[in-house]
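To start, the structure itself, in structure tokens.
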Amino acid sequence: MARPAEVRTGGASRTPGTTGTTLPHDRPVGSADVADAHDSPLDPQPDTAEQYAEPDAARPDDTAEPAPRAEQDAAAGPEEAPRVSPRRRPSRRARTLMVGGGIGAILLVLASAVPIPFVALGTGSTYNTIASGQGREVITFTGKDIPAAASEQPSGHLNMLTIRIVDQIPLIEAATMWASGRFQFAPRDEYYPPGKSAEQVTEENVQMFRDSQSTAEIEALRYLGYPNIVYVGSIEKGSPSWNLLKPQDRITAVDGHPVTDYASLKSIMATTHPRQKVAVTVDRDGSPMTISVALGANSSVGPQGFLGVGVAERPVAPFTIHISLEDIGGPSAGLMFTLGIIDRLTDGDLTGGKFIAGTGTIELDGTVGAIGGITFKEATARAAGAQYMLVPADNCAEALTAVPDGLTLVKVSTLDDALAAVKTIARGGTPPGC
């Protein structure tokens, strides 16, 4: 009797026609995985006497002993054993293909998983410093005596720009990015120096971004004429002021003489001598205090007394400035933050309603410094709708290699250059170009 065919379903057998849910990967009856439905030709035939049954007239004597089994088998002839084909070794070509395929598979895995020693640079984001970004106003103010101009809503744009840096790129993905024409590649060491983790580099970039905001505040308030303060910057270990004054102490007087700026402090110290004790009045975290300091000597400053601190000067306002952007690193937004603060604290619209983007660091002397990725920032600016872009003078040559249609490049070297250019644009004039 024929056996029922079986279908393999992921390791378990199922008999066709039985109840149950068919698995998605079951194969139909008749496929290579279906068991043979015929009995094997090697199954021994039954050897009972009935197989030789004949009509009664021709039946041999029932008493005759049947031939021994061995004799029957001999009479039937020897039974042939099934032939087993010898296993053939793969040819040299097949072996070569197998080895090559294995190596290719390994290389494919490596190309898909192992990053290349380069980073990809591409277009980034842009935010209007005099409007909203990331769901809130970029520049805001809290405290007292905030100018009424801060409540105005400018109609123009002063956009800061970023670039996109992609790290840990597998070879296959890098090839796709390169083929798109939207990315350039640079050695990873230029952005992630050896010996520093990616987390350390990120934190350094975030700190540079914060520092650029602080410098922007100082330069904006200085331009707007807010009064200066003198504060302690650094203190050399072992100096006369070591363990007495602290960084960020605001120096308000020396021996009762008011200190209003760096020039006034310098004038007071010129009248002192080494080993003289002076009373230094400071404002520390909002609390005034007077500290006695025995002055030292230092040949580099002449015969006068030496306080032993590095001092800095910055303007101060009765209100606090907040710049609210996250997940951005580096110092290149300094110029645009400075312009944004000035615009927000000045009556009217500094841009005259024009769409101006820009980039560049800002230094405490008002100098605008060069940045990286200038061509990508040009593309980002134009894609956002910018008509003009402020470019650090040292970046002009590179910027001119890829100027998008409809974007005018404006060369700036200082904050004063940038302000003059913005005012010229607002009036409909032509500012100095790259």
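The values are calculated or read from the model by the stated rules, or taken from the named source; none is laboratory data. Here the structure is a predicted model, which is why all the values come from computation and not from measurement. Positions of Cβ are backbone-derived with ideal geometry, glycine not excepted, and every protein chain shown enters the neighbour counts.
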Qualifying positions in segment 353-373 - over 18 Å from Thr123 (Cα atoms) and surrounded by 24 or more Cβ atoms within 10 Å (Cβ to Cβ): Ile362, Val368
Unique residue being outside the structural domain of Gly360 (by TED's automatic domain parsing) and under 23 Å from Glu363 (Cβ atoms) when the list is Ala253, Ala263, Ala279, Ala270: Ala263
Within segment 331-376, how many residues are among the β-branched types (Val, Ile, Thr) and more than 19 Å from Ser413 (Cβ to Cβ)? 4
Subset of segment 178-201 [small (Gly, Ala, Ser), over 20 Å from Asp327 (Cβ atoms) and not in a loop (DSSP other than H, G, I, E, B)]: Ala179, Ser180, Ala186
Residues (farther than 15 Å from Ile163 by Cα and not aromatic (Phe, Trp, Tyr)) located in segment 367-388: Thr367, Val368, Gly369, Gly385, Ala386, Gln387
Quick test of your reading of the structure: Val311 fulfils all but one of (1) in a helix (DSSP H, G or I); (2) not assigned by TED's automatic domain parsing to the domain that holds Pro154. Name the failing condition by number. (1)
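Report yes if some residue within segment 324-336 is free of Cβ contacts under 8 Å to residues at least 60 places away in the same chain and closer than 21 Å to Lys237 by Cα; otherwise report no. Break it down stepwise before answering.
Keep residues of segment 324-336 that are free of Cβ contacts under 8 Å to residues at least 60 places away in the same chain, which gives 327.
Restricting the remaining residues to those that are closer than 21 Å to Lys237 by Cα gives none.
Within segment 324-336, not a single residue is free of Cβ contacts under 8 Å to residues at least 60 places away in the same chain and closer than 21 Å to Lys237 by Cα.
Counting just the residues of segment 204-230 that are aromatic (Phe, Trp, Tyr) and surrounded by fewer than 20 Cβ atoms within 10 Å (Cβ to Cβ), which one comes out farthest from Asp283 (Cα to Cα)?
For segment 204-230, the residue satisfying everything is Tyr223.
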Give, as residue ranges, the strands (runs of 3 or more DSSP E) completely inside segment 321-434 that count at least 1 residues that are outside the structural domain of Asn128 (by TED's automatic domain parsing) and under 17 Å from Asn128 (Cβ atoms). none
Lone qualifier among Pro274, Pro240, Pro247 - being crowded, with 18+ Cβ neighbours inside 10 Å and either polar (S, T, N, Q) or part of a loop (DSSP other than H, G, I, E, B) (or both): Pro240
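Here are Ala216, Ala175, Ala149, Ala105: which of them is part of a helix (DSSP H, G or I), outside the structural domain of Leu335 (by TED's automatic domain parsing) and not polar (S, T, N, Q)?
Sole residue among the options that is part of a helix (DSSP H, G or I), outside the structural domain of Leu335 (by TED's automatic domain parsing) and not polar (S, T, N, Q): Ala105.
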With Thr142, Thr126 as the choices, which residue is in a strand (DSSP E or B) and surrounded by fewer than 17 Cβ atoms within 10 Å (Cβ to Cβ)? Thr142
Quick check, is Val311 aliphatic (A, V, I, L, M) and either within 29 Å of Ala220 (Cα to Cα) or surrounded by fewer than 12 Cβ atoms within 10 Å (Cβ to Cβ) (or both)? yes
If I ask for residues that are charged (D, E, K, R), surrounded by 13 or more Cβ atoms within 10 Å (Cβ to Cβ) and under 15 Å from the mean Cα position of the chain (by Cα), which ones from segment 146-202 would you list? Arg164, Asp167, Arg188
Against the definition (buried (at least 19 other Cβ atoms within 10 Å of the Cβ) and not aromatic (Phe, Trp, Tyr)), how does Ile328 come out, yes or no? no
Going through segment 333-351 one residue at a time, which ones are small (Gly, Ala, Ser) and either at pLDDT 95 or above or closer than 17 Å to Asp417 by Cα (or both)? Ala333, Gly334, Gly340
Please specify each residue of segment 328-360 satisfying the condition of being more than 21 Å from Gly433 (Cβ to Cβ) and under 24 Å from the mean Cα position of the chain (by Cα). Ile328, Gly329, Gly330, Pro331, Ala333, Gly334, Phe337
Quick check on segment 331-352. Is at least one of its residues of a type in the set (D, E, K, R), surrounded by fewer than 19 Cβ atoms within 10 Å (Cβ to Cβ) and on the phi > 0 side of the Ramachandran plot? no
Which count do you get for residues in segment 156-191 that are at pLDDT 90 or above and of a type in the set (Ser, Thr, Tyr)? 1
